[in-house]
Structure formats: structure tokens, C-alpha cells
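The values are calculated or read from the model by the stated rules, or taken from the named source; none is laboratory data. Just so it is clear, the structure is predicted and the values come from calculations on it, not from any experiment. Neighbour counts run over all protein chains shown; Cβ positions are idealised from the backbone, glycine included. In case anyone asks, the SASA skips ligands and DNA or RNA and just uses the protein heavy atoms, side chains included. Shrake-Rupley method; radii C 1.70, N 1.55, O 1.52, S 1.80 Å.
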Amino acid sequence: MKRKIFCIALCALLLALGLSAEAQQPKKVPRLGYLSSSDPVSESARAEAIRLALRELGYIEGENIAIEYRYAEGKSDRYPELAAELVHSRLISSW
């Protein structure tokens with residue numbers, strides 16, 4: 001009888017652990033790609049304005065949104081390469 005109770009308790013424990021593990025799936029963080037024709041120094045004020053506008057909407061970079069920046073630095077031929085990098089990048093999974 002004790003063995004039967006032990007087995008039932010063990011099964012219940014394993015079931016509870018399985019359900020709690022399912023509930024702890026990490027949330028996907030929205031990603032925003034920022035592509036500029038300029039360089040980071042020239043774009044710093046504009047990028048900061050975008051971060052502030054997002055913050056007003058409840059999005060905080062590094063907490064619940066990820067922003068990836070790419071700068072062409074005046075070289076328009078780099079746009080396709082940089083845009084492709086943004087589309088294919090999945091580097092923001094560590095948050």
C-alpha cells in the first residue's frame with residue numbers, strides 16, 4: 001500500500017514539474033532594425049529620440065524591446081548588405 005502511494009505521489013510530482021516547466025517559456029522580445037545612411041555619431045540624437053518615443057509607449061531597450069543598429073556611413077551601396085544583416089540577425093536571444 002505504501003509503495004502504491006509513493007508511486008502516485010511520484011507521478012503527481014513529475015506531472016507538476018512538467019507543467020511548471022511549460023509555463024516558464026521565455027517571452028519573445030520584439031526586435032527593431034535601425035538602418036541609417038549616416039554614421040553612429042551623426043545619428044546619435046535621432047537614435048536617442050527614437051528610444052525616448054519608444055519609452056513613452058512602454059518599450060525600454062534591453063528590457064522589452066531590442067534595437068539593432070546598422071550604419072551605411074554615406075555609402076549607399078551598403079544598404080542591401082546592411083538590410084540583409086538586419087533581416088537575418090537573431091542575436092537578441094540572450095535577454
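Cβ-Cβ distances below 6 Å connect the following pairs, each with a first residue in region 56-79 that is within 12 Å of Asp39 (Cα to Cα), a second residue that is in a strand (DSSP E or B), and a separation of six or more residues or different chains: Tyr69/Tyr34; Arg70/Leu35; Tyr71/Ser36.
Lys27 meets each of the listed conditions (1) open to solvent by less than 60 Å² (accessible area, probe 1.4 Å); (2) at pLDDT below 85 apart from (1). A single member of Ala21, Ala16 is at pLDDT below 65, surrounded by 10 or more Cβ atoms within 10 Å (Cβ to Cβ) and out of contact with any Asp or Glu (no Cβ under 7 Å at 6 or more places or on another chain), and it is Ala16.
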